[in-house]
1. Of the conditions (1) among the small types (Gly, Ala, Ser); (2) facing chain B (nearest Cβ under 10 Å); (3) more than 21 Å from residue B:32 (Cβ to Cβ), residue A:91 satisfies every one except a single condition; which number is it?
2. How many residues does the range B:5-63 contain that are aromatic (Phe, Trp, Tyr) and under 11 Å from the mean Cα position of the chain (by Cα)?
3. Before we move on, is residue B:53 farther than 24 Å from residue A:37 by Cβ, surrounded by fewer than 16 Cβ atoms within 10 Å (Cβ to Cβ) and charged (D, E, K, R)?
4. Among the listed residues B:84, B:73, which satisfies the condition of being under 14 Å from the mean Cα position of the chain (by Cα) and of a type outside the set (Asp, Glu)?
5. Among the residues that make up the range B:23-30, is at least one of them within 11 Å of chain A (Cβ to nearest Cβ) and modelled with pLDDT under 95?
Amino acid sequence: LAKTTQPISMDSYEGQEVNITCSHNNIATNDYITWYQQFPSQGPRFIIQGYKTKVTNEVASLFIPADRKSSTLSLPRVSLSDTAVYYCLVGETGNTPLVFGKGTRLSVIA
Amino acid sequence: EAQVTQNPRYLITVTGKKLTVTCSQNMNHEYMSWYRQDPGLGLRQIYYSMNVEVTDKGDVPEGYKVSRKEKRNFPLILESPSPNQTSLYFCASRDPSGLADTGELFFGEGSRLTVL
């Protein structure tokens, strides 16, 4: 399983764009990159997933460079309700265990 | 409604008193997993199951047991709980072979366990 490295915490003001980068130097060919969001005392929930280049949905964008050794989750115009822990996971979408790291704690300030 | 249901949501117990945390999912998922979450340590996987009667240890299996006798249920058993098992526990399920390409993990609401 590819190991991931993320910043422990980040702060941002409301309305700003937030970019959280995850390093995964030993990502395998069949691995996808998935991001989850977790609010206090709740289970994580899926945000976005990608394999290469760029993926965008109604919540976020995910940028993956050609070498796939890192990825960046981009949250446009954050609000206070985006304060949460964000986890980057790398693995196959098949029947394999998913390992969560410590995540990045994002604090949005008014 | 698609969901993962855990019970109990809150429990205070004493050292050595056996307990079971139940987990049930209604999405016909093959894969299920248990995690524990402690301050500063993120989510750590305890056990996972890829299908009925198939279970494997995660990163922190000591002191826990699981069983997977049917697809929808994946109970977590603490035979002799100790204070270091005080934690927030999450059950999750996933459909790796379904139409959803993401293999998204669906989590329960969590079970907060305190062992005195």
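1. Failed condition: (3).
2. Total satisfying the criteria: 4.
3. Here the answer is yes, as residue B:53 does meet what is asked.
4. Going through B:84, B:73 in turn, the sole match is B:73.
5. yes
The values are calculated or read from the model by the stated rules, or taken from the named source; none is laboratory data. For clarity, every value in this text was computed on a predicted model and none was experimentally measured. Every residue, glycine among them, receives a Cβ derived from its backbone with ideal geometry; neighbour counts consider all protein chains shown.
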